[in-house]
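Asks: Take this structure, written in structure tokens, and hold onto it; I'll ask about it next.
What follows draws every value from the coordinates through simple rules; no lab data is involved. This one's a predicted model, so the numbers in the text were calculated from it and none came from an experiment. Here the Cβ is made from the backbone with ideal geometry for all residues, glycine too, and neighbour counts use every protein chain on show.
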DNA sequence: TTATATGCAAATGATTTGCGTAGTC
DNA sequence: GACTACGCAAATCATTTGCATATAA
């Protein structure tokens, strides 16, 4: 598995193993349909390509600043921003989107190793 | 003023009034330089085009879901996510980016008017 | 004159779309 | 036969890049 939040191009490669004649256009078309369907979720997350999430249940995401992998954060509640901050300003605040970032376990340990080797 | 968080294309139109021969490529090149400089900030916010912010001081943004305008949220503290949620999971969390969304004052009142008219 | 910035056009990368065809009801 | 989904290629949109020239140090 490439990862659990694949891009359209990654899905294209995966699907192609089963349907060798499928076109990238069809992949995009169907991802769009599934998104409107709310069968999947389209993530507008940092980076140039959109990513898709098969888990519909609302949850936040974290992106590794080293390798770019996206992970789910089921432990961080959806309404993590205290209510008091949602009534500020003259906007009618409807919600927010958080993108956490940091080092994934793999890159974290890789970095630790490098630090040791550089000493 | 178009708005305070212009896209590269919007800036191109503005700058062109003063420097009619400037090219869009130069605008992109200089925005990139200023971003690396930390003279401006490049916002990776929803929508297909990047937006640029002349205010370097860290602050959050809110986007109007009706008209797309971006506004600053100086009243919402930078560390609005309670500390306890930053140590969850196996990531080394370095930070997060929040994008609030809702109705801007203009669209809010416009919508209120429509509701009255539809009654 | 040497380094740096620019205009211009072409290249790139992600995504969308038009169109003719194949498969389905 | 009518509808829908598809393959394919071309179009689109934002952004980047190569290159020859202009400008500045």
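Asks: So for A:110, B:21, fewest C-beta neighbours within 10 Å to most, what's the order?
Replies: Working: A:110 14, B:21 6.
Starting with the residue having the fewest Cβ neighbours, the order is B:21, A:110.
Asks: As an exercise, take the mean of 1/r over every pair of distinct alpha carbons in the range B:57-119, invert it, and state the Kirkwood radius in angstroms.
Replies: 14.2 Å
Asks: Then there is this: Which residues in the range A:82-101 place their backbone N less than 17 Å from a point set 7 Å from the Cα of residue B:74 along the Cα-to-Cβ direction?
Replies: A:88-91
Asks: May I pose another question? Determine, for A:35, B:113, A:7, the number of other Cβ atoms within 10 Å of each Cβ, and report the residues in order from fewest to most.
Replies: B:113, A:35, A:7
Asks: Now, a different point. Going by the rotation axis that takes chain A to chain B, pick out the residue of A with the closest C-beta and quote the gap in whole Å.
Replies: Here the nearest residue and distance are A:98, 3.
Asks: So, in Å, what gap is there between the alpha-carbon centers of the range A:1-74 and the range A:94-112?
Replies: Cα centroid to Cα centroid, the span is 18 Å.
Asks: Equivalent ellipsoid semi-axes for the protein assembly as shown, as square roots of 5 times the alpha carbon gyration tensor eigenvalues: give them largest first, rounded to whole Å.
Replies: Value: 31, 25, 24 Å, ordered largest first.
Asks: Summing -39500 (n - 2.57) over the DSSP H runs of n ≥ 4 in chain A and dividing by its residue number, what mean residue ellipticity at 222 nm do you reach, to the nearest 500 deg cm²/dmol?
Replies: -10000 deg cm²/dmol
Asks: At 0.36 nm per residue, and after removing the present C-alpha to C-alpha distance, how many nm does the segment from residue B:118 to residue B:19 gain when stretched out fully?
Replies: 30.9 nm
Asks: What is the fewest-to-most order of A:29, A:18 by other Cβ atoms lying within 10 Å of their Cβ?
Replies: Working: A:29 11, A:18 7.
The fewest-first ordering by Cβ neighbours comes to A:18, A:29.
Asks: When each copy gets a label point 7 Å from Cα toward the beta-carbon at residue A:57, what are the spacings between them in nm, shortest first?
Replies: From this label point to the equivalent ones elsewhere in the assembly: 4.1 nm.
Asks: Between the label point of residue A:109 and that of the same position in each other copy, find the distances and list them shortest first in nm, with every label point placed 7 Å from Cα along the Cα-to-C-beta direction.
Replies: Copy-to-copy label distances at residue A:109, shortest first: 5.9 nm.
Asks: Tell me, Kirkwood radius of chain A from alpha-carbon pair distances, in Å?
Replies: 16.9 Å is the Kirkwood radius here.
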